[in-house]
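The structure appears right after this line, and notes come after that.
The values are calculated or read from the model by the stated rules, or taken from the named source; none is laboratory data. All of these numbers come straight from a predicted model, not from anything done at the bench. Please note: Cβ atoms are built from the backbone with ideal geometry, for glycine as well, and neighbour counts cover all protein chains shown.
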Amino acid sequence: MKKILFLLVIGGALFTASCTKRYDVVQPNQTVYADIKTTDWGTANGGKTDTALINTPQITNYLKNNGLVAVSLTFDGGTTYEPIPYVYNNVNYSFIYGNGGLELYAQSADGTQVITTPPASTAKITLVPAN
């Protein structure tokens, strides 16, 4: 009788302690580079704001709603990158993004001065998917 009871207890313990395997799909980050020429910048707001559009088809609706887009700029050919928002030579750089691309903004640090066209640079765009 003890053997049967022991086997039932062991069987019940094994049944209730079984594991559920969970497989998480990890999507790696993606980095896209875009060269920005001085001619890519357009002037708005009486010369107080310059904008540059960067076509980025990797920014999908899913990424826009569930992920993160981070942008860094380099003005020295890739030796150093500065994450946006960033002030460089008294010019504040910022960005917005949506499906298929992003828009860079350059304004004077206080927002009231007319700025010169930003220098040529390279944007490093990091796309971080999330669940």
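Quick one: which of ALA70, ALA44, ALA34 is more than 17 Å from the chain's Cα centre (by Cα) and among the aliphatic types (A, V, I, L, M)?
Answer to the selection: ALA44.
I want to confirm something. Restricting to the range 66-80 and keeping residues that are surrounded by 12 or more Cβ atoms within 10 Å (Cβ to Cβ) and under 24 Å from THR43 (Cα atoms), which single residue is modelled with the lowest pLDDT?
PHE75
Output the residue which, of all residues in the range 14-55 that are surrounded by 13 or more Cβ atoms within 10 Å (Cβ to Cβ) and farther than 23 Å from ILE125 by Cα, is modelled with the highest pLDDT.
Result: LYS48.
Could you list, in sequence order, the residues of the range 104-130 that are touching a Lys or Arg at 6+ places or on another chain (Cβ under 8 Å) and not aliphatic (A, V, I, L, M)?
Within the range 104-130, GLN107, SER108, GLY111, THR112, GLN113 qualify.
So which residues in the range 95-131 are under 13 Å from the mean Cα position of the chain (by Cα) and hydroxyl-bearing (Ser, Thr, Tyr), if there are any at all?
TYR97, THR126
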